[in-house]
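These notes are about the structure you will find just below.
The values are calculated or read from the model by the stated rules, or taken from the named source; none is laboratory data. Every value quoted in this text rests on a predicted model; they were computed, and no experiment measured them. Note that each Cβ is placed from the backbone with ideal geometry, even for glycine, and that neighbours are counted across all protein chains shown. With ligands, DNA and RNA removed, areas are computed over all heavy atoms of the protein, side chains included. Shrake-Rupley method; radii C 1.70, N 1.55, O 1.52, S 1.80 Å.
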Amino acid sequence: MSVLYKSDIARGRIWARIFAEEAPDIEFRVWPETGDLAAVEYLIAWQPPPGLLAALPNLKVLFSSGAGVDQLDLSTVQPSVPVVRMVEPGIVNGMLEYVTLSVLALHRNLIDYIRAQAAGAWQPVDVAPASARSVGVMGLGVLGQAVLERLGTFGYSLCGWNRSPKDIPGVTCYAGAQTLERFLGRCDILVCLLPLTAATHGILDRRLFSALPRGASLINVGRGGHLDQRALLEALDSGHLCAAILDVCEPEPLPQSHPFWSHPRILLTPHIASMTQPETAALILLENIRRHRRGEPLRHVIDRGKGY
Ligand code: NDP
Ligand code: OXD
């Protein structure tokens, strides 16, 4: 039995070292050194290369090397093969850092100061207390909930929106499409932490932006496919939205001519909000493999019908 890893090679070497230390009974291979493909029972991949899944006759589980699974073509995965997404402390911590950094940057007008410095201007901007600012998170899953818990320590007024109802201490929770406008009306800073599915594709659109209070800002750490780019530019250029911090975009990377690169109210980062950390992820994944081998239910299996 072997585990095949097909993602970033340097990280793969760390995974391999941890497996060698913790599970010498399991053969861990890093792509392209696949060995006998018939021996591969577990595949860890961001995006399996074309034809790989069909070449693994004994594949038992496909593990996404990231929290999202929208990058996978699920139609190529046998229905009998469960798909497991990545839930591990390294990803959660990275997202906490990034969203906290972004919320504080927007709250403390960092984008204005970047521009002011470039213009050589000493130009203080008024700042409201955190208690007068409301931060709303779309998607109250593992990451959305962790982010809200951390943001609570700064004193922001917090709200969240989700498909199914949630009850989170200190957070006003909304559920379902019929509550979206009410939720948005409360968000001075909106954070998108939804998975990308047919239901959420393009959700950050003109209508959504117009339901936000004037002067609101956006942080998109979900997926580029959530965002209607033209609608964002219109909302920023009309002054309805104040700023946007975008970690994800469509396509990645954006073409050099794309207006986001030079927009004065947009801060772009190259999909680095959070990353799977091999040191923590390998142990979690190993435990899931052990569960599977003992015949116990796997953790964090996605629902293919829902797409996340
Ligand atoms: P989870 O699956 O734990 O949470 C997803 C949440 O979104 C669930 O609470 C779910 O509701 C909700 N949801 C799904 N569809 C809808 C919908 N149509 N309307 C409203 N709510 C919906 O995922 P994670 O929190 O772990 O990750 C979220 C996403 O973050 C990932 O899919 C990925 O795209 C992105 N991500 C980005 C990273 C980056 O570096 N930029 C890194 C890691 C993740 P319900 O509770 O009802 O199921
Ligand atoms: C993920 C990501 O989904 O890196 O883990 O975006």
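Looking only at residues that are within 12 Å of ligand 2 (Cβ to nearest atom) and open to solvent by 40 Å² or more (accessible area, probe 1.4 Å) in region 59-87, which one is nearest to LEU43 (Cα to Cα)? Result: ARG85. Applying the criterion of being open to solvent by less than 30 Å² (accessible area, probe 1.4 Å) and in contact with a Pro (Cβ under 7 Å, 6 or more places away or on another chain) to the residues of region 1-47, the residue that is farthest from GLY66 (Cα to Cα) is ILE18. The strands (runs of 3 or more DSSP E) falling completely within region 165-233 that include 2 or more residues that are open to solvent by less than 10 Å² (accessible area, probe 1.4 Å) and not β-branched (Val, Ile, Thr) map to 189-192, 216-220. For region 20-38, the set of residues classified as under 16 Å from LEU53 (Cα atoms) and either outside any loop (DSSP other than H, G, I, E, B) or among the acidic types (Asp, Glu) (or both) consists of ARG29, VAL30, GLU33, ASP36, LEU37, ALA38, listed by residue number.
Search region 246-256 for residues being under 18 Å from THR100 (Cβ atoms) and hydrophobic (A, V, I, L, M, F, W, C), and hand back the single one that is surrounded by the most Cβ atoms within 10 Å (Cβ to Cβ). Only one residue fits best here, namely LEU246. Mind checking whether some residue in region 257-269 is small (Gly, Ala, Ser), open to solvent by less than 10 Å² (accessible area, probe 1.4 Å) and out of contact with any Gly (no Cβ under 9 Å at 6 or more places or on another chain)? Checked region 257-269: no residue is small (Gly, Ala, Ser), open to solvent by less than 10 Å² (accessible area, probe 1.4 Å) and out of contact with any Gly (no Cβ under 9 Å at 6 or more places or on another chain). Within region 168-197, restricting attention to residues that are within 12 Å of ligand 1 (Cβ to nearest atom) and free of Cβ contacts under 8 Å to residues at least 24 places away in the same chain, the residue that is farthest from LEU101 (Cα to Cα) is GLN178. For LEU104, the conditions (1) in contact with a Phe, Trp or Tyr (Cβ under 7 Å, 6 or more places away or on another chain); (2) within 23 Å of LEU246 (Cα to Cα) are fulfilled apart from (1). Given the structure, is LEU143 part of a strand (DSSP E or B) and buried (at least 19 other Cβ atoms within 10 Å of the Cβ)? So LEU143 fails the test. The residue that is farthest from ligand 1 (Cβ to nearest atom), counting only those in region 234-245 that are buried (at least 24 other Cβ atoms within 10 Å of the Cβ) and part of a strand (DSSP E or B), is LEU241.
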